[in-house]
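The values are calculated or read from the model by the stated rules, or taken from the named source; none is laboratory data. All of these numbers come straight from a predicted model, not from anything done at the bench. Cβ: placed from backbone, ideal geometry, glycine included. Neighbour counts: every protein chain shown.
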Amino acid sequence: MAATSSPELGVKSSFDEIVDLESAYLLQNYTRYPLALHRGKGCYIYDLEGNRYLDLISGIGVNSLGYAHPRITKVIRQQAGLLLHTSNLYYHEYQGRLAERLAKISGLNRSFFCNSGTEAMEGALKMIRAHGNSIRPDKNEIVSLENSFHGRTFGALSITGQPKYRTDFEPLLSGIRFVPRNDMDPLEAAITENTAGVVLEFIQGEGGILPISEQFARKARELSAKHNALMVFDEIQCGVGRPGAYFAYQLLDPVLMPDIVIAAKPMACGIPLGVIISNEKAAAAIKKGMHGSTYGGGPLACRVALEFFDILDELLPSINSVGGYFRMKLTELMRSFPFIKEIRGQGLMIGMELDFPCKQLVLDGIKEGILFNCTHDTVLRFLPPYILTEQDVDRAITALTKVLKNAKPPAAS
(Lines give C-alpha, C1' and ligand atoms only; values in the text may rest on other atoms or scores of the structure.)
Protein backbone atom coordinates (compact mmCIF):
# COMPACT_ATOMS: atom_id res chain seq x y z
CA MET A 1 0.00 0.00 0.00
CA ALA A 2 1.08 3.58 -0.64
CA ALA A 3 2.43 5.82 2.06
CA THR A 4 0.20 8.29 3.84
CA SER A 5 1.20 11.38 5.78
CA SER A 6 -0.19 13.06 8.87
CA PRO A 7 0.74 16.77 8.78
CA GLU A 8 -0.22 17.23 12.42
CA LEU A 9 2.25 14.59 13.58
CA GLY A 10 4.84 15.03 10.85
CA VAL A 11 4.72 11.27 10.25
CA LYS A 12 4.62 9.33 7.00
CA SER A 13 3.85 5.63 7.22
CA SER A 14 3.38 2.86 4.69
CA PHE A 15 1.33 -0.24 5.32
CA ASP A 16 4.49 -2.31 5.69
CA GLU A 17 5.95 0.17 8.20
CA ILE A 18 2.78 0.01 10.29
CA VAL A 19 2.89 -3.78 10.32
CA ASP A 20 6.60 -3.85 11.15
CA LEU A 21 6.19 -1.48 14.10
CA GLU A 22 3.31 -3.52 15.52
CA SER A 23 5.25 -6.75 15.04
CA ALA A 24 8.20 -5.31 16.92
CA TYR A 25 6.43 -3.57 19.81
CA LEU A 26 2.88 -4.85 20.34
CA LEU A 27 1.79 -7.93 22.22
CA GLN A 28 1.05 -10.41 19.45
CA ASN A 29 -2.44 -11.40 20.56
CA TYR A 30 -4.44 -10.10 17.59
CA THR A 31 -4.80 -11.70 14.18
CA ARG A 32 -5.45 -8.61 12.10
CA TYR A 33 -6.87 -8.44 8.60
CA PRO A 34 -4.44 -7.07 5.98
CA LEU A 35 -5.96 -3.60 5.99
CA ALA A 36 -4.82 -0.30 7.52
CA LEU A 37 -7.63 2.21 7.91
CA HIS A 38 -7.16 5.95 7.66
CA ARG A 39 -10.51 7.79 7.75
CA GLY A 40 -14.25 7.30 7.50
CA LYS A 41 -17.42 9.05 6.44
CA GLY A 42 -20.92 7.77 7.09
CA CYS A 43 -21.07 3.99 6.63
CA TYR A 44 -17.84 3.96 4.63
CA ILE A 45 -14.21 3.73 5.67
CA TYR A 46 -11.04 4.34 3.65
CA ASP A 47 -7.62 2.71 3.68
CA LEU A 48 -4.22 4.35 3.25
CA GLU A 49 -4.58 4.42 -0.53
CA GLY A 50 -8.05 5.90 -0.44
CA ASN A 51 -9.90 2.68 -1.30
CA ARG A 52 -13.45 2.74 0.05
CA TYR A 53 -15.15 -0.04 2.04
CA LEU A 54 -18.75 -0.39 3.16
CA ASP A 55 -18.39 -1.11 6.87
CA LEU A 56 -20.87 -3.72 8.10
CA ILE A 57 -19.04 -4.54 11.34
CA SER A 58 -18.62 -0.95 12.69
CA GLY A 59 -15.77 -1.65 15.08
CA ILE A 60 -17.59 -4.78 16.35
CA GLY A 61 -20.80 -2.85 16.90
CA VAL A 62 -19.22 0.28 18.39
CA ASN A 63 -19.40 2.90 15.62
CA SER A 64 -23.17 3.08 15.84
CA LEU A 65 -23.48 6.32 13.88
CA GLY A 66 -20.76 5.48 11.39
CA TYR A 67 -17.86 7.84 10.91
CA ALA A 68 -17.54 11.62 11.24
CA HIS A 69 -21.20 12.10 12.11
CA PRO A 70 -21.56 15.90 12.12
CA ARG A 71 -23.47 16.14 15.41
CA ILE A 72 -21.07 13.82 17.24
CA THR A 73 -18.03 15.56 15.77
CA LYS A 74 -19.38 18.94 16.89
CA VAL A 75 -19.97 17.73 20.46
CA ILE A 76 -16.49 16.17 20.70
CA ARG A 77 -14.86 19.39 19.49
CA GLN A 78 -16.83 21.53 21.92
CA GLN A 79 -16.20 19.31 24.92
CA ALA A 80 -12.49 18.88 24.10
CA GLY A 81 -12.15 22.61 24.59
CA LEU A 82 -13.87 22.50 27.97
CA LEU A 83 -13.18 19.38 30.03
CA LEU A 84 -12.10 15.84 29.19
CA HIS A 85 -11.63 14.24 32.60
CA THR A 86 -12.49 15.00 36.22
CA SER A 87 -12.34 11.61 38.00
CA ASN A 88 -15.27 10.64 40.20
CA LEU A 89 -13.98 12.74 43.09
CA TYR A 90 -16.04 15.62 41.69
CA TYR A 91 -19.34 16.27 39.94
CA HIS A 92 -19.76 17.33 36.33
CA GLU A 93 -22.92 18.26 34.48
CA TYR A 94 -23.38 15.25 32.17
CA GLN A 95 -23.16 12.07 34.27
CA GLY A 96 -26.39 12.65 36.18
CA ARG A 97 -28.22 13.67 33.01
CA LEU A 98 -27.11 10.50 31.23
CA ALA A 99 -28.12 8.34 34.22
CA GLU A 100 -31.55 9.99 34.19
CA ARG A 101 -31.88 9.28 30.46
CA LEU A 102 -30.93 5.64 30.96
CA ALA A 103 -33.42 5.27 33.81
CA LYS A 104 -36.21 6.56 31.60
CA ILE A 105 -35.45 4.27 28.66
CA SER A 106 -34.57 1.16 30.70
CA GLY A 107 -37.15 1.26 33.48
CA LEU A 108 -34.35 0.77 36.02
CA ASN A 109 -33.25 3.26 38.66
CA ARG A 110 -29.48 3.41 39.10
CA SER A 111 -26.45 3.62 36.81
CA PHE A 112 -22.73 3.06 37.31
CA PHE A 113 -20.43 4.15 34.49
CA CYS A 114 -17.21 2.42 33.47
CA ASN A 115 -15.12 2.11 30.31
CA SER A 116 -16.12 -1.13 28.59
CA GLY A 117 -18.51 -4.04 28.46
CA THR A 118 -16.23 -6.39 30.35
CA GLU A 119 -15.86 -3.82 33.15
CA ALA A 120 -19.65 -3.53 33.32
CA MET A 121 -19.84 -7.32 33.59
CA GLU A 122 -17.28 -7.31 36.41
CA GLY A 123 -19.31 -4.75 38.31
CA ALA A 124 -22.48 -6.78 37.82
CA LEU A 125 -20.71 -9.87 39.14
CA LYS A 126 -19.66 -7.94 42.25
CA MET A 127 -23.29 -6.91 42.73
CA ILE A 128 -24.33 -10.57 42.43
CA ARG A 129 -21.77 -11.82 44.94
CA ALA A 130 -22.41 -8.96 47.39
CA HIS A 131 -26.14 -9.59 47.15
CA GLY A 132 -25.66 -13.30 47.85
CA ASN A 133 -23.28 -12.71 50.74
CA SER A 134 -25.75 -10.32 52.33
CA ILE A 135 -28.17 -13.25 52.61
CA ARG A 136 -25.74 -16.03 53.59
CA PRO A 137 -22.13 -16.99 52.74
CA ASP A 138 -22.95 -20.03 50.61
CA LYS A 139 -25.38 -18.16 48.34
CA ASN A 140 -22.72 -17.46 45.73
CA GLU A 141 -23.44 -19.53 42.62
CA ILE A 142 -23.93 -17.90 39.21
CA VAL A 143 -25.83 -19.45 36.32
CA SER A 144 -24.79 -18.65 32.74
CA LEU A 145 -25.35 -20.18 29.32
CA GLU A 146 -23.25 -22.51 27.26
CA ASN A 147 -21.91 -20.77 24.14
CA SER A 148 -22.14 -17.36 25.84
CA PHE A 149 -19.54 -14.59 25.75
CA HIS A 150 -19.30 -11.94 28.47
CA GLY A 151 -15.77 -10.54 28.25
CA ARG A 152 -12.10 -11.37 28.77
CA THR A 153 -11.36 -10.32 32.34
CA PHE A 154 -11.26 -13.11 34.93
CA GLY A 155 -14.78 -12.66 36.24
CA ALA A 156 -16.39 -12.15 32.84
CA LEU A 157 -14.38 -15.04 31.43
CA SER A 158 -15.49 -17.27 34.28
CA ILE A 159 -19.11 -17.01 33.15
CA THR A 160 -18.30 -17.24 29.42
CA GLY A 161 -19.60 -20.59 28.20
CA GLN A 162 -17.03 -21.25 25.45
CA PRO A 163 -14.03 -23.38 26.45
CA LYS A 164 -11.79 -21.89 23.75
CA TYR A 165 -11.77 -18.58 25.64
CA ARG A 166 -11.40 -20.12 29.10
CA THR A 167 -9.00 -23.07 28.98
CA ASP A 168 -5.66 -21.24 28.98
CA PHE A 169 -6.56 -19.22 32.09
CA GLU A 170 -8.06 -21.84 34.38
CA PRO A 171 -8.71 -22.15 37.25
CA LEU A 172 -11.25 -19.35 37.05
CA LEU A 173 -13.99 -18.39 39.52
CA SER A 174 -15.75 -21.28 41.18
CA GLY A 175 -19.48 -21.64 41.63
CA ILE A 176 -20.42 -21.17 37.97
CA ARG A 177 -23.09 -23.36 36.40
CA PHE A 178 -23.57 -23.46 32.63
CA VAL A 179 -26.84 -24.54 31.03
CA PRO A 180 -27.77 -25.03 27.35
CA ARG A 181 -29.64 -22.21 25.63
CA ASN A 182 -33.42 -22.70 25.56
CA ASP A 183 -33.32 -25.98 27.53
CA MET A 184 -35.78 -25.71 30.41
CA ASP A 185 -34.93 -28.76 32.51
CA PRO A 186 -31.21 -27.95 33.04
CA LEU A 187 -32.18 -24.34 33.79
CA GLU A 188 -34.60 -25.42 36.52
CA ALA A 189 -32.00 -27.78 37.97
CA ALA A 190 -29.26 -25.13 37.99
CA ILE A 191 -31.10 -22.27 39.69
CA THR A 192 -31.39 -23.12 43.39
CA GLU A 193 -31.39 -21.46 46.80
CA ASN A 194 -27.59 -21.15 46.44
CA THR A 195 -27.88 -19.10 43.25
CA ALA A 196 -26.92 -15.45 43.68
CA GLY A 197 -27.34 -14.42 40.04
CA VAL A 198 -28.38 -15.51 36.55
CA VAL A 199 -26.72 -13.93 33.48
CA LEU A 200 -28.21 -14.08 29.98
CA GLU A 201 -27.57 -12.56 26.57
CA PHE A 202 -30.90 -12.11 24.78
CA ILE A 203 -29.04 -12.69 21.52
CA GLN A 204 -25.69 -14.46 21.78
CA GLY A 205 -23.30 -12.39 19.66
CA GLU A 206 -19.91 -14.13 19.69
CA GLY A 207 -21.85 -17.38 19.94
CA GLY A 208 -23.25 -16.93 16.43
CA ILE A 209 -26.20 -14.47 16.60
CA LEU A 210 -28.40 -16.93 18.48
CA PRO A 211 -31.50 -15.66 20.36
CA ILE A 212 -32.91 -17.12 23.52
CA SER A 213 -36.61 -17.94 23.42
CA GLU A 214 -39.19 -15.87 25.25
CA GLN A 215 -40.28 -18.95 27.19
CA PHE A 216 -36.71 -19.60 28.35
CA ALA A 217 -36.14 -15.97 29.34
CA ARG A 218 -39.37 -15.80 31.32
CA LYS A 219 -38.60 -19.08 33.10
CA ALA A 220 -35.13 -17.78 34.05
CA ARG A 221 -36.72 -14.61 35.42
CA GLU A 222 -39.32 -16.59 37.36
CA LEU A 223 -36.70 -18.88 38.91
CA SER A 224 -34.34 -16.05 39.81
CA ALA A 225 -37.17 -14.23 41.59
CA LYS A 226 -38.23 -17.42 43.37
CA HIS A 227 -34.72 -17.99 44.73
CA ASN A 228 -33.89 -14.29 45.35
CA ALA A 229 -31.14 -14.26 42.73
CA LEU A 230 -30.30 -11.18 40.65
CA MET A 231 -31.30 -11.41 36.98
CA VAL A 232 -28.67 -9.84 34.68
CA PHE A 233 -29.21 -9.18 30.99
CA ASP A 234 -25.95 -8.68 29.08
CA GLU A 235 -26.89 -6.28 26.27
CA ILE A 236 -23.38 -5.16 25.42
CA GLN A 237 -23.76 -6.34 21.82
CA CYS A 238 -27.51 -6.91 21.41
CA GLY A 239 -28.76 -3.72 23.07
CA VAL A 240 -28.74 0.09 22.93
CA GLY A 241 -30.66 0.37 19.69
CA ARG A 242 -29.16 -2.48 17.72
CA PRO A 243 -32.21 -4.79 17.97
CA GLY A 244 -34.56 -1.98 16.93
CA ALA A 245 -35.42 -1.16 20.54
CA TYR A 246 -33.42 0.49 23.30
CA PHE A 247 -32.82 -2.95 24.81
CA ALA A 248 -33.57 -6.45 23.56
CA TYR A 249 -35.62 -7.33 26.66
CA GLN A 250 -38.05 -4.59 25.61
CA LEU A 251 -38.96 -6.58 22.50
CA LEU A 252 -41.09 -8.87 24.67
CA ASP A 253 -44.70 -8.04 25.46
CA PRO A 254 -45.12 -7.61 28.33
CA VAL A 255 -41.56 -6.40 28.90
CA LEU A 256 -39.43 -8.75 30.98
CA MET A 257 -37.60 -6.60 33.50
CA PRO A 258 -34.15 -7.60 34.81
CA ASP A 259 -32.56 -6.53 38.07
CA ILE A 260 -29.46 -5.44 36.14
CA VAL A 261 -28.75 -4.67 32.50
CA ILE A 262 -25.23 -3.98 31.27
CA ALA A 263 -24.38 -2.14 28.07
CA ALA A 264 -21.44 -0.52 26.35
CA LYS A 265 -20.51 -0.74 22.67
CA PRO A 266 -22.68 1.78 20.79
CA MET A 267 -23.34 4.33 23.53
CA ALA A 268 -20.53 6.82 22.92
CA CYS A 269 -19.93 6.20 19.21
CA GLY A 270 -16.32 5.03 19.58
CA ILE A 271 -15.38 6.69 22.86
CA PRO A 272 -15.05 4.03 25.61
CA LEU A 273 -18.12 3.94 27.85
CA GLY A 274 -19.85 1.10 29.65
CA VAL A 275 -22.72 1.09 32.10
CA ILE A 276 -24.43 -1.04 34.74
CA ILE A 277 -28.11 -0.07 35.08
CA SER A 278 -29.91 -1.62 38.04
CA ASN A 279 -33.00 -1.52 40.17
CA GLU A 280 -32.83 -0.46 43.79
CA LYS A 281 -32.59 -4.06 45.02
CA ALA A 282 -29.39 -4.74 43.06
CA ALA A 283 -27.96 -1.28 43.69
CA ALA A 284 -28.30 -1.79 47.45
CA ALA A 285 -25.61 -4.50 47.29
CA ILE A 286 -22.89 -1.92 46.52
CA LYS A 287 -22.13 0.44 49.36
CA LYS A 288 -19.81 3.46 49.33
CA GLY A 289 -16.21 2.47 48.59
CA MET A 290 -17.04 -1.04 47.34
CA HIS A 291 -16.57 -0.25 43.64
CA GLY A 292 -15.21 2.53 41.47
CA SER A 293 -13.63 3.70 38.22
CA THR A 294 -11.06 6.38 37.50
CA TYR A 295 -12.19 7.12 33.95
CA GLY A 296 -15.77 5.85 34.01
CA GLY A 297 -18.48 8.41 33.27
CA GLY A 298 -16.16 11.22 32.22
CA PRO A 299 -17.62 14.40 30.76
CA LEU A 300 -16.60 13.71 27.15
CA ALA A 301 -18.05 10.20 26.99
CA CYS A 302 -21.25 11.16 28.81
CA ARG A 303 -21.90 14.22 26.67
CA VAL A 304 -21.38 12.23 23.47
CA ALA A 305 -23.71 9.51 24.78
CA LEU A 306 -26.43 12.08 25.46
CA GLU A 307 -26.16 13.30 21.88
CA PHE A 308 -26.19 9.70 20.65
CA PHE A 309 -29.47 8.97 22.45
CA ASP A 310 -31.05 12.09 20.94
CA ILE A 311 -30.09 10.78 17.49
CA LEU A 312 -31.08 7.19 18.32
CA ASP A 313 -34.64 8.29 19.11
CA GLU A 314 -34.93 9.34 15.46
CA LEU A 315 -33.23 6.21 14.08
CA LEU A 316 -35.12 3.38 15.80
CA PRO A 317 -37.78 3.06 13.04
CA SER A 318 -35.15 2.81 10.29
CA ILE A 319 -33.08 0.31 12.29
CA ASN A 320 -36.10 -1.97 12.17
CA SER A 321 -37.04 -1.32 8.54
CA VAL A 322 -33.52 -1.41 7.08
CA GLY A 323 -32.63 -4.41 9.24
CA GLY A 324 -35.70 -6.24 7.95
CA TYR A 325 -34.77 -5.34 4.38
CA PHE A 326 -31.21 -6.59 4.91
CA ARG A 327 -32.41 -9.94 6.32
CA MET A 328 -34.86 -10.30 3.42
CA LYS A 329 -32.13 -9.73 0.82
CA LEU A 330 -29.81 -12.15 2.60
CA THR A 331 -32.58 -14.74 2.72
CA GLU A 332 -33.04 -14.40 -1.05
CA LEU A 333 -29.40 -15.43 -1.47
CA MET A 334 -30.22 -18.82 0.03
CA ARG A 335 -31.93 -19.81 -3.24
CA SER A 336 -28.67 -19.38 -5.14
CA PHE A 337 -26.27 -20.66 -2.48
CA PRO A 338 -27.47 -23.86 -0.80
CA PHE A 339 -24.53 -23.81 1.62
CA ILE A 340 -26.28 -20.94 3.46
CA LYS A 341 -28.02 -22.68 6.36
CA GLU A 342 -29.86 -19.84 8.06
CA ILE A 343 -30.31 -16.08 8.32
CA ARG A 344 -31.13 -14.85 11.81
CA GLY A 345 -31.03 -11.75 13.94
CA GLN A 346 -32.98 -8.71 15.01
CA GLY A 347 -32.75 -5.12 13.83
CA LEU A 348 -29.19 -4.50 12.66
CA MET A 349 -27.68 -7.51 14.43
CA ILE A 350 -27.62 -10.18 11.74
CA GLY A 351 -25.93 -13.54 11.24
CA MET A 352 -25.64 -15.71 8.15
CA GLU A 353 -24.72 -19.30 9.03
CA LEU A 354 -22.92 -21.38 6.42
CA ASP A 355 -22.23 -25.09 6.44
CA PHE A 356 -18.45 -24.61 6.35
CA PRO A 357 -15.85 -22.36 8.09
CA CYS A 358 -16.04 -18.91 6.56
CA LYS A 359 -12.99 -16.91 7.65
CA GLN A 360 -11.70 -16.83 4.06
CA LEU A 361 -14.89 -15.10 2.99
CA VAL A 362 -14.03 -12.17 5.26
CA LEU A 363 -10.79 -11.68 3.32
CA ASP A 364 -12.65 -12.07 0.04
CA GLY A 365 -15.10 -9.42 1.22
CA ILE A 366 -12.29 -6.93 1.77
CA LYS A 367 -11.27 -7.40 -1.86
CA GLU A 368 -14.85 -6.60 -2.88
CA GLY A 369 -14.97 -3.47 -0.71
CA ILE A 370 -17.14 -4.78 2.12
CA LEU A 371 -16.23 -5.34 5.78
CA PHE A 372 -17.84 -7.95 8.04
CA ASN A 373 -16.44 -10.70 10.23
CA CYS A 374 -16.79 -14.38 11.05
CA THR A 375 -17.86 -15.56 14.47
CA HIS A 376 -18.28 -19.06 15.86
CA ASP A 377 -16.33 -20.32 12.78
CA THR A 378 -19.31 -20.63 10.42
CA VAL A 379 -21.36 -17.45 10.93
CA LEU A 380 -20.88 -14.25 8.95
CA ARG A 381 -21.72 -11.44 11.37
CA PHE A 382 -23.14 -8.09 10.31
CA LEU A 383 -23.28 -5.22 12.85
CA PRO A 384 -23.56 -2.17 10.59
CA PRO A 385 -23.95 1.45 11.69
CA TYR A 386 -27.49 2.49 12.55
CA ILE A 387 -27.48 5.00 9.67
CA LEU A 388 -27.36 2.19 7.09
CA THR A 389 -29.80 2.70 4.19
CA GLU A 390 -31.49 0.29 1.80
CA GLN A 391 -29.17 1.58 -0.92
CA ASP A 392 -26.21 0.58 1.24
CA VAL A 393 -27.79 -2.85 1.70
CA ASP A 394 -28.12 -3.24 -2.08
CA ARG A 395 -24.41 -2.45 -2.47
CA ALA A 396 -23.61 -4.97 0.25
CA ILE A 397 -25.67 -7.69 -1.41
CA THR A 398 -23.97 -7.09 -4.75
CA ALA A 399 -20.53 -7.44 -3.16
CA LEU A 400 -21.55 -10.40 -1.00
CA THR A 401 -22.98 -12.22 -4.03
CA LYS A 402 -19.56 -12.01 -5.69
CA VAL A 403 -17.92 -13.33 -2.53
CA LEU A 404 -20.32 -16.26 -2.28
CA LYS A 405 -19.96 -17.13 -5.97
CA ASN A 406 -16.23 -17.56 -5.43
CA ALA A 407 -16.62 -19.50 -2.19
CA LYS A 408 -15.16 -22.99 -2.17
CA PRO A 409 -17.06 -25.13 0.33
CA PRO A 410 -15.19 -28.30 1.33
CA ALA A 411 -16.20 -31.31 -0.74
CA ALA A 412 -18.61 -33.66 1.02
CA SER A 413 -16.83 -36.70 2.40
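Restricting attention to the stretch 138-151, does a residue exist that is surrounded by 13 or more Cβ atoms within 10 Å (Cβ to Cβ), acidic (Asp, Glu) and in contact (Cβ under 8 Å) with a residue 24 or more places away in the chain? Let's see the steps before the verdict.
In the first step, residues of the stretch 138-151 are kept if they are surrounded by 13 or more Cβ atoms within 10 Å (Cβ to Cβ); the result is 139-151.
Subset that is acidic (Asp, Glu): 141, 146.
The next check asks that each one be in contact (Cβ under 8 Å) with a residue 24 or more places away in the chain; those that pass are 141, 146.
Yes, because at least one residue in the stretch 138-151 is surrounded by 13 or more Cβ atoms within 10 Å (Cβ to Cβ), acidic (Asp, Glu) and in contact (Cβ under 8 Å) with a residue 24 or more places away in the chain.
Number of residues in the stretch 163-181 that are closer than 12 Å to Leu145 by Cα and in contact with a Leu (Cβ under 9 Å, 6 or more places away or on another chain) equals 4. Taken over the stretch 379-404, residues that are touching a residue at least 24 places away in the same chain (Cβ under 8 Å) and within 19 Å of Glu332 (Cα to Cα) amount to 18.
The residues of the stretch 218-266 that are hydrophobic (A, V, I, L, M, F, W, C), without any contact (Cβ under 8 Å) to a residue 60 or more places away in the chain and farther than 13 Å from Leu200 by Cβ amount to a single one, Ala225. Screening the candidates Glu49, Glu100 for the property of being assigned to a loop (DSSP other than H, G, I, E, B) and either exposed (fewer than 13 other Cβ atoms within 10 Å of the Cβ) or assigned by TED's automatic domain parsing to the domain that holds Gly274 (or both) yields one hit, Glu49.
Do any strands (runs of 3 or more DSSP E) lying entirely in the stretch 117-205 carry at least 2 residues that are touching a Lys or Arg at 6+ places or on another chain (Cβ under 9 Å), and which ones are they? If you could, list the steps in order and put the result at the bottom.
Values: elements: 141-145, 176-179, 195-200.
Answer list for the stretch 117-205: 141-145, 195-200.
What about Ser278, is it of a type in the set (Ser, Thr, Tyr), touching a Pro at 6+ places or on another chain (Cβ under 9 Å) and either surrounded by 24 or more Cβ atoms within 10 Å (Cβ to Cβ) or not assigned by TED's automatic domain parsing to the domain that holds Gly197 (or both)? Against the criterion (of a type in the set (Ser, Thr, Tyr), touching a Pro at 6+ places or on another chain (Cβ under 9 Å) and either surrounded by 24 or more Cβ atoms within 10 Å (Cβ to Cβ) or not assigned by TED's automatic domain parsing to the domain that holds Gly197 (or both)), Ser278 qualifies.
For residues in the stretch 358-383 being β-branched (Val, Ile, Thr) and over 14 Å from Thr398 (Cα atoms), which is nearest to the chain's Cα centre (by Cα)? It would help to see each step written out before you state the result.
Restricting attention to the stretch 358-383, the residues satisfying the condition of being β-branched (Val, Ile, Thr) are 362, 366, 370, 375, 378-379.
Next cut, over 14 Å from Thr398 (Cα atoms) only: 362, 375, 378-379.
Values: Val362: 19, Thr375: 13, Thr378: 19, Val379: 16 Å.
Only one residue tops the list, namely Thr375.
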